[in-house]
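Structure record follows, encoded as structure tokens.
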Amino acid sequence: MIQKIKSIFSKHRPPDEYLEKRIVADTRFWIIRDPLFHATRRILALNNKVHEATLSMTNADLAAIAESGLEAANKGDVSKCAFLFHMMQTQLDLYCTERTLFTISNCIVLIDGEPFDRMTRSHTSIKQHLFDTIPEVKSFFFNTAQRFLVLMSMLSDDTDVEAFLKSRQYKSTDDLFTAWLRTEENCGSYTSKKNSKNQTSS
């Protein structure tokens with residue numbers, strides 16, 4: 001029993017009773033069973049990502065909006081302030097986004113060789129690439145995140161997440177927000193904030 005408990009907190013994959021194997025698009029994934037039960041660093045990241053999902057924005061997104069808003073206010077640029085507030089409000093009205101659903105699943109879903117007790121940038125990058133390039137993997141990540149949010153009573157079990165993410169309402173709002181984020185990334189402010197957040201959660 002002691003050895004089994006120790007294995008949960010080790011860098012190696014724990015016994016199968018703690019993981020559910022899934023094969024998606026010829027790629028093997030492992031879903032952590034009952035992730036809230038395991039007191040690892042993953043739970044800290046998961047709590048943060050669930051909070052971000054309620055806002056449909058990451059902490060780095062909010063920091064970038066706040067900084068841009070303060071800069072605009074200092075310059076007396078009322079129209080830009082109004083634009084930022086409107087963009088933030090429309091984003092808050094969304095009940096989920098592709099980006100926040102991925103970050104939740106990233107905490108719960110492992111790939112071969114990934115530590116059980118913590119998250120790494122390299123494994124996250126691999127999963128992000130699979131998510132971005134393989135539709136079946138994207139659907140798998142969506143469904144995994146949705147099941148967790150339903151379990152947490154944050155979504156109704158009859159919510160059709162994938163249909164919403166394909167809707168005109170979501171696309172128009174997310175396209176505007178994503179275009180603005182790219183502008184911020186080109187300026188360097190968003191990227192620096194995102195990297196600092198990643199360092200604290202890795």
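Brief remarks follow.
- Segment 47-66 - residue that is β-branched (Val, Ile, Thr) and in contact (Cβ under 8 Å) with a residue 24 or more places away in the chain and, of those, farthest from Val150 (Cα to Cα): Thr58
- Leu92 surrounded by 12 or more Cβ atoms within 10 Å (Cβ to Cβ) and farther than 19 Å from Lys21 by Cα: yes
Residue-by-condition table, conditions (1) surrounded by 17 or more Cβ atoms within 10 Å (Cβ to Cβ); (2) at pLDDT below 85; (3) not charged (D, E, K, R):
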residue	(1), (2), (3)
Phe9	no, yes, yes
Pro15	no, yes, yes
Tyr18	yes, yes, yes
Asp34	no, yes, no
Phe37	no, yes, yes
Leu55	no, yes, yes
Ala63	yes, no, yes
Gly69	yes, no, yes
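Table: residues versus (1) modelled with pLDDT of 90 or more; (2) surrounded by 13 or more Cβ atoms within 10 Å (Cβ to Cβ); (3) over 20 Å from Trp30 (Cβ atoms); (4) among the β-branched types (Val, Ile, Thr).
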| position | (1), (2), (3), (4) |
| --- | --- |
| Lys75 | yes, no, yes, no |
| Phe102 | yes, yes, no, no |
| Phe116 | no, yes, no, no |
| Lys127 | yes, yes, no, no |
| Leu130 | yes, yes, no, no |
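- Only one of the listed residues (Ala82, Ala72, Ala66) is in contact with a helix residue (DSSP H, G or I) (Cβ under 7 Å, 6 or more places away or on another chain) and small (Gly, Ala, Ser). That residue is Ala72.
- When we screen Arg22, Arg42, Arg28 for residues that are of a type in the set (Lys, Arg), at pLDDT 75 or above, assigned to a helix (DSSP H, G or I) and under 19 Å from Lys127 (Cα atoms), the only hit is Arg42.
- Residue ranges of helices (runs of 4 or more DSSP H) in segment 67-165 with at least 2 members touching a residue at least 12 places away in the same chain (Cβ under 8 Å) and within 23 Å of Ile43 (Cα to Cα): 98-108, 121-133, 135-151
The values are calculated or read from the model by the stated rules, or taken from the named source; none is laboratory data. Quantities reported herein were computed from a predicted structural model and do not represent experimental measurements. Neighbour counts are summed over all protein chains in view; Cβ atoms, including those assigned to glycine, are modelled from backbone coordinates with ideal geometry.
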